[in-house]
Amino acid sequence: MGYRQRARLPTNTLEAARSLRKEMTDAERKIWRHLRDGQLAGMKFRRQHPLPPYVVDFCCLDAGLVIELDGSQHTQNSDAVRTRFLEAKGYKVLRLWNNDVLLKTDAVIEAIWNAVGRRPLIPTPLPMGEGL
(Lines give C-alpha, C1' and ligand atoms only; values in the text may rest on other atoms or scores of the structure.)
Protein backbone atom coordinates (compact mmCIF):
# COMPACT_ATOMS: atom_id res chain seq x y z
CA MET A 1 0.00 0.00 0.00
CA GLY A 2 1.36 3.40 -0.94
CA TYR A 3 1.91 6.14 1.57
CA ARG A 4 -0.07 9.26 0.80
CA GLN A 5 1.33 12.46 2.18
CA ARG A 6 -1.14 15.18 3.10
CA ALA A 7 -0.63 18.57 1.56
CA ARG A 8 0.96 21.03 3.92
CA LEU A 9 -1.26 23.81 5.17
CA PRO A 10 -0.13 27.40 4.93
CA THR A 11 1.55 28.25 8.23
CA ASN A 12 -0.70 31.24 8.94
CA THR A 13 -3.87 29.15 8.40
CA LEU A 14 -2.61 26.38 10.68
CA GLU A 15 -1.58 28.82 13.40
CA ALA A 16 -4.94 30.61 13.16
CA ALA A 17 -6.79 27.29 13.57
CA ARG A 18 -4.73 26.34 16.61
CA SER A 19 -5.28 29.74 18.19
CA LEU A 20 -9.03 29.63 17.56
CA ARG A 21 -9.27 26.15 19.14
CA LYS A 22 -7.68 27.52 22.32
CA GLU A 23 -9.94 30.58 22.47
CA MET A 24 -13.39 29.29 21.56
CA THR A 25 -16.42 31.49 22.16
CA ASP A 26 -19.14 30.46 24.62
CA ALA A 27 -21.39 29.45 21.72
CA GLU A 28 -18.63 27.35 20.12
CA ARG A 29 -17.91 25.59 23.42
CA LYS A 30 -21.59 24.86 23.95
CA ILE A 31 -22.18 23.39 20.49
CA TRP A 32 -18.89 21.45 20.59
CA ARG A 33 -20.15 19.58 23.68
CA HIS A 34 -22.91 18.17 21.47
CA LEU A 35 -20.82 17.46 18.36
CA ARG A 36 -17.63 15.94 19.75
CA ASP A 37 -16.91 12.21 19.93
CA GLY A 38 -19.53 11.26 17.35
CA GLN A 39 -22.44 12.17 19.64
CA LEU A 40 -24.56 13.37 16.73
CA ALA A 41 -25.55 10.43 14.54
CA GLY A 42 -22.06 8.98 14.93
CA MET A 43 -20.68 11.71 12.69
CA LYS A 44 -17.14 12.98 13.29
CA PHE A 45 -16.92 16.76 13.51
CA ARG A 46 -13.76 18.84 13.58
CA ARG A 47 -13.58 22.22 15.27
CA GLN A 48 -11.75 25.22 13.86
CA HIS A 49 -10.89 23.18 10.78
CA PRO A 50 -8.61 24.80 8.16
CA LEU A 51 -9.99 24.96 4.62
CA PRO A 52 -7.46 27.44 3.20
CA PRO A 53 -7.66 30.33 3.07
CA TYR A 54 -10.38 30.01 5.73
CA VAL A 55 -10.73 28.32 9.10
CA VAL A 56 -14.31 27.09 9.55
CA ASP A 57 -15.93 26.77 12.97
CA PHE A 58 -17.00 23.13 12.57
CA CYS A 59 -16.71 20.65 9.74
CA CYS A 60 -18.00 17.14 9.12
CA LEU A 61 -15.96 15.79 6.21
CA ASP A 62 -18.12 12.66 5.80
CA ALA A 63 -21.30 14.70 5.37
CA GLY A 64 -19.60 17.55 3.51
CA LEU A 65 -21.04 19.98 6.04
CA VAL A 66 -19.53 23.20 7.36
CA ILE A 67 -21.14 24.90 10.36
CA GLU A 68 -20.42 28.57 10.86
CA LEU A 69 -21.47 30.37 14.02
CA ASP A 70 -22.14 34.03 13.34
CA GLY A 71 -22.09 36.90 15.76
CA SER A 72 -22.06 40.66 15.46
CA GLN A 73 -18.53 40.67 13.98
CA HIS A 74 -19.73 39.01 10.75
CA THR A 75 -20.82 40.99 7.70
CA GLN A 76 -23.22 39.73 5.06
CA ASN A 77 -20.81 40.48 2.24
CA SER A 78 -17.80 38.64 3.69
CA ASP A 79 -20.01 35.72 4.77
CA ALA A 80 -21.48 35.47 1.26
CA VAL A 81 -18.01 35.35 -0.33
CA ARG A 82 -16.90 32.71 2.16
CA THR A 83 -20.06 30.64 1.63
CA ARG A 84 -19.66 30.73 -2.17
CA PHE A 85 -16.05 29.58 -1.84
CA LEU A 86 -16.97 26.67 0.45
CA GLU A 87 -19.92 25.63 -1.70
CA ALA A 88 -17.67 25.66 -4.77
CA LYS A 89 -15.44 23.19 -2.90
CA GLY A 90 -18.48 20.91 -2.45
CA TYR A 91 -19.47 21.76 1.11
CA LYS A 92 -22.95 22.53 2.36
CA VAL A 93 -22.77 25.56 4.67
CA LEU A 94 -25.05 25.91 7.68
CA ARG A 95 -24.93 29.35 9.30
CA LEU A 96 -26.21 29.69 12.85
CA TRP A 97 -26.38 32.70 15.16
CA ASN A 98 -24.43 32.58 18.42
CA ASN A 99 -27.56 33.74 20.25
CA ASP A 100 -29.54 30.76 18.93
CA VAL A 101 -26.81 28.35 20.02
CA LEU A 102 -26.84 29.79 23.53
CA LEU A 103 -30.62 30.16 23.93
CA LYS A 104 -32.17 27.56 21.60
CA THR A 105 -29.60 24.77 21.71
CA ASP A 106 -32.09 21.95 21.05
CA ALA A 107 -33.37 23.65 17.90
CA VAL A 108 -29.79 24.21 16.70
CA ILE A 109 -28.89 20.54 17.27
CA GLU A 110 -32.01 19.52 15.33
CA ALA A 111 -31.02 21.82 12.45
CA ILE A 112 -27.56 20.23 12.36
CA TRP A 113 -29.10 16.76 12.58
CA ASN A 114 -31.29 17.57 9.57
CA ALA A 115 -28.31 18.99 7.65
CA VAL A 116 -26.15 15.88 8.06
CA GLY A 117 -29.06 13.79 6.83
CA ARG A 118 -30.72 11.29 9.06
CA ARG A 119 -29.54 7.76 8.62
CA PRO A 120 -32.21 5.06 8.52
CA LEU A 121 -32.56 3.15 11.77
CA ILE A 122 -33.34 -0.10 9.97
CA PRO A 123 -31.38 -1.56 7.08
CA THR A 124 -32.62 -0.68 3.62
CA PRO A 125 -34.01 -3.80 1.90
CA LEU A 126 -32.06 -5.23 -1.03
CA PRO A 127 -33.55 -4.84 -4.52
CA MET A 128 -35.62 -7.77 -5.86
CA GLY A 129 -33.52 -10.75 -6.84
CA GLU A 130 -30.55 -9.87 -4.62
CA GLY A 131 -29.67 -11.48 -1.34
CA LEU A 132 -31.48 -14.56 0.03
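Restricting attention to the stretch 69-91, the residues being out of contact with any Cys (no Cβ under 8 Å at 6 or more places or on another chain), outside any helix (DSSP H, G or I) and either modelled with pLDDT of 95 or more or surrounded by fewer than 16 Cβ atoms within 10 Å (Cβ to Cβ) (or both) number 7.
When residues in the stretch 92-113 are screened for being assigned to a strand (DSSP E or B), surrounded by 15 or more Cβ atoms within 10 Å (Cβ to Cβ) and of a type outside the set (Phe, Trp, Tyr), 4 of them pass. Taking the criterion of being touching a Cys at 6+ places or on another chain (Cβ under 9 Å) and under 14 Å from Val108 (Cβ atoms), the residues of the stretch 30-65 that qualify are Leu35, Leu40, Phe45, Leu65. The residue that is modelled with the lowest pLDDT, among those in the stretch 12-47 that are among the acidic types (Asp, Glu), over 14 Å from the mean Cα position of the chain (by Cα) and assigned to a helix (DSSP H, G or I), is Glu15.
The values are calculated or read from the model by the stated rules, or taken from the named source; none is laboratory data. Treat the numbers as computed from the prediction; the structure is a model and nothing was measured. Cβ: placed from backbone, ideal geometry, glycine included. Neighbour counts: every protein chain shown.
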